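Here's the structure, in structure tokens; my notes come after.
Read-outs throughout are calculated quantities, based only on the coordinates presented, and are distinct from any laboratory measurement. The shown structure was predicted, so the numbers you read here are calculated from the model rather than taken from an experiment. So basically every Cβ, Gly included, is an ideal-geometry build from the backbone, and we count neighbours across all protein chains shown.
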Amino acid sequence: MIYWTVDPRKGYGTKVIQRASLKKDSHGEPGARFCGLEKMGNDVKGSKKMVMVGWAMGCSLLFLTVVFRAGMTRDGMDKALSRVAGRQVRPIELRVWDWWSPAGNEEYGAYFEEVKAIFEERNPDIDVVYQFVPFGHYVQKLSTAMVGQRPPDVFQSSVYWAEGFYHRGMLRPLNDLLESQPGEGPTSLGESSFMESAWRHNHTGDGVVYGIPQIIDANCLLWNLDILEEEARKDEMIRDLFVRREDGQIDFDRIRFDGIRDWDHFREIVKRLTRFDERGQVKRAGFIIQAYGGGGGLFSPWLASNGGRYQDSEGREALFHLTEGVQAMTFLVELYWEDKVSFPFRRQLSGTELFVERKAACIAGGTWSGKDIARDTQGWTHMGKTAYPPGPMGKAPSTETWGNMLVISSSCLRVDAAWRYIQFVCGKEGNLLRSKHLGYNGPRLDFYETPAWEKSKEDRPYLSNVKEICLSGIKLRHTEIIASDHQANPIFETILLQYPDIREKKQPYESVRNALEQAAGQVNLVYSRYNLQKDRWLAARGETRS
Amino acid sequence: MAGGQRRNKVLRKNGRSFLYAAWTPYLYIAPALALTVLFSLVSMAISLYVSFHHYDAFAGKSELIGLDNYRRALFSQDSYFPLALKNTTLYVFLSVAGVLTLSLPLALLCNQIRKGQSLFRTLYFLPSITPGVVVALVFFHLFGVWGQLLDHRSTALVALVILGLWSGAGYNMVLFLAGLNEIPGHYYDAAKVDGANEVQQFRHITFPLLRNTLVFVTVMTVIGAYQVFTSVYIMSQGGPERSTEVVAYTIFINAFAVAGQMGYASALAWLLFLAVLVFVIVQMKVFRSRKLYD
């Protein structure tokens, strides 16, 4: 507290910070006195006590709050409070991990809230406890939880890790649970209930199922229909990309799934959509090609559409360096360097930003992109999606698809509860809840027969082709994706950045084929190490490779 | 000496006091020592053990493979350790040069200010306490505007050095300022009387007497720069074309993104430790303090 005192030796007022109980000045000499505050002395003492009591109460409250809400004690406290209040205590606690987090997006909060409310109402013995773990930390946290004997019971697994998790012995095989509930229906989780493209990443070659698809995602081409509509008014070729209604009128909200016939047709369209300024610089890109970081992600859907594959099904050999891959990569670099349909390579270049700013007519996106763009633009939805058109060696539009899944950890002791949760979330009802809150299309076939899906397509026409895109795709690369990308992506990056030199057979590679072969060689080393590791895991469990 | 003997006699007479006196210092340092042993020394020992094994962190199982991980790091076809070490060492040299050409002049300028020195000290120190991820994200976009430094293999590493210098300049400046404040003013007075100009004062008084601070700052910069990770992870992921692939990033990828490579990642970490150790020992030898003036 600040008081004014008069120091008799100085003879003038000095502003000092002084305890209320002080009767002497800072030199310990009598004479210093409170100016006009003596009467307040007792009041000050009283208020000081009040302040201390306040602090003590505040600290106690904070301590109790922490004790009540802290992870270690929360459950016990909640149960104790429930007993006191006469509420039913749920004996089974089901811990569910996910990287979808309400912290990043309130829509996820609403989704999890409704899932929990409905599921717990139908299963009064189960208390669902969600724990949200960032995608980038998932593997480390999960491994630590497994080693620490405290894994989640159920968790969402990306296809990036699912195969590895299973081979490590982290996932419980689900075949017995599937066999115990055969048949069809909205809660059936058998293979026949799902799109074929969703049921690819969740089982081994010999039929061990370790996950149930929760979503289906696919890479796709995203078209800005504002730009296309504008160009269609003067260009027959662009006009022909749109769906025609029964009365023959053009539906400018919907693009045809098979509107782009092949790569040459695509090249011609994006060239027509590209605009240059007076200095010859691109001011609107027909298609965005990004060199930095995402090499495999950009290249592999084009590879798929040319009939190629990134790897073999067993994860033993890279296949992207074969003719299909060379053609796909050459097509991309020529689009950039010769046709100049894209803005110059820049690390900070964001295709999505350019897309919504109407500076890019087409970008590489995903079936999930529409909802994100609609949210970020506060409702702009005038876009369309197609698969990648077939290349010279491809037969039909194609792409890559994957289905992230719900899995049960191998040390889960509440298998029945976990399975009931998966049945609900991966059943038809769960699919509809994700569509309602998150805008996801579902991996289940019966999802696409619901009025809710038809309504979604009416409200958001960009979803029109989503089912076809998901059905057309091949399996995403799936073996040690991060490690293989770490080996191959810098080489893809070099091809894109230095194609003119490579074309002239200067450096750093003799040709695109040569560069891809080197990348494949590096990826094969990753695969061979992984397979050795897999053998060790299997041997530790007394199993051998099938 | 005599006082010490007397004290010991007293202590011997009273065993309890002796014990108390003998153990008290250890008790004071026990918490810090326990934490250091547990989280540094034990972890390092485990890491060394793991580096000689094929170790699966999830399974917690290991298989002794001797020096294979080290051999692979140094000679294997798909090892990026030599390249990463080369990039990191270049980063270290550029960082040390940057610190000396930026932080020391800043400290000298700041030292001459009579009013508002603490304000400048605070302003320059602020980047040091700003989270690295935030700084990296801001600079990621700034470099997009400033000549696209991150887009070219010849400039990407320089961009990371600039970020490191911006973050660390204030901290090192404060260290230099502390060193400058320790130099007695009468040395300068005497030099002025002898007719020394400012450059000569710096050459013959400031620089020699800052030697210990200089060694400390350089050693800490070298150690910090060898561990550069956040800016690489956020801004370049080792690109373009592996021009910013640094050792800490390679360790991270192998430890946490590749199945069953914890042993290999540990071997990389120990090789990095050896590189830093050699570097620091050479530095200490070269800059070993000598008493110049009494």
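General remarks:
- Mean per-residue shielding of peptide A:482-493 is 4, counting Cβ atoms of other chains within 10 Å of each Cβ.
- Global form of the stretch A:274-327, assessed from the alpha-carbon gyration tensor, a/c cut-off 1.5: prolate
- Computed over the stretch B:55-107, the Cα gyration tensor eigenvalues convert (square root of 5λ each) into semi-axes of 38, 15, 8 Å, ordered from largest to smallest.
- Which of B:197, A:407, B:47, positive extreme of dipole for the protein assembly as shown (C-beta unit charges): B:197
- Pairs from A:271/A:475; A:359/A:385; A:234/A:467; A:116/A:436; A:385/A:467; A:271/A:371 whose Cα-Cα separation, in the structure shown, is over 19 Å: A:271/A:475; A:234/A:467; A:271/A:371
- Simple rule: put +1 on each Lys or Arg Cβ and -1 on each Asp or Glu Cβ in the protein assembly as shown, find the dipole, and look at A:499, A:219, A:118; the Cα lying farthest toward the positive end is A:118.
- Convex hull per residue volume in Å³, alpha carbons only, for the stretch B:141-276: 139 Å³
- Burial ordering of B:86, A:359, fewest other beta-carbon atoms within 10 Å first: B:86, A:359
- Burial ranking of peptide ranges A:237-244, A:349-356, A:416-423 (average Cβ count within 10 Å, highest at the top): A:416-423, A:349-356, A:237-244
- When +1 charges are put on Lys and Arg Cβ atoms and -1 charges on Asp and Glu Cβ atoms, the dipole computed for chain A relative to its Cα centre reaches about 2840 debye.
- Neighbour-limited loop hits for GluC sites (Glu not before Pro), the stretch A:137-201 (at most 16 other Cβ within 10 Å; DSSP other than H, G, I, E, B): A:184, A:196
- Using all pairs of distinct alpha-carbon atoms, the Kirkwood hydrodynamic radius of the stretch A:323-467 works out to 18.4 angstrom.
- Dividing the Cα radius of gyration of chain A by its Kirkwood radius returns 1.14 for Rg/Rh.
- For A:345-351, mean number of other protein chain Cβ atoms within 10 Å: 5
- Convex hull volume per residue, computed on the Cα atoms of the stretch A:217-400, equals 130 Å³.
- Shown for A:203, A:137: other C-beta atoms within 10 Å of each C-beta, ranked fewest to most, produce the order A:137, A:203.
- Highest mean packing comes first when the peptides A:376-382, A:99-105 are listed by Cβ atoms within 10 Å, giving A:99-105, A:376-382.
- By the count of neighbouring beta-carbon atoms within 10 Å, fewest first, B:279, A:63, A:299 end up ordered A:63, B:279, A:299.
- Magnitude of the charge dipole, the stretch B:74-286, Cβ model with Lys/Arg +1 and Asp/Glu -1, debye to 20: 300 debye
- Computed over chain B, the ratio Rg/Rh where both radii use C-alpha atoms and Rh is Kirkwood: 1.08
- Equivalent ellipsoid dimensions for the stretch B:123-199 as semi-axes, Å, which come from the Cα gyration tensor, largest first: 38, 16, 8
- Percent RCO, i.e. relative contact order, over the stretch A:217-400, from Cα pairs under 8 Å lying at least 6 residues apart: 38 percent
- Expected 222 nm ellipticity per residue - DSSP helices of 4 or more, -39500 (n - 2.57), all of chain A, to 500: -13500 deg cm²/dmol
- Across peptide B:236-246, the average count of Cβ atoms from other chains found within 10 Å of a residue's Cβ is 5.
- Most tightly packed first, judged by the mean number of other beta-carbon atoms within 10 Å of their residues, the peptides A:385-397, B:36-48 read A:385-397, B:36-48.
- For the stretch A:261-322, size of Cβ-based charge dipole, Lys and Arg +1, Asp and Glu -1, in debye: 400 debye
- Considering all C-alpha pairs of the stretch A:82-215, those separated by over 23 Å amount to 45%.
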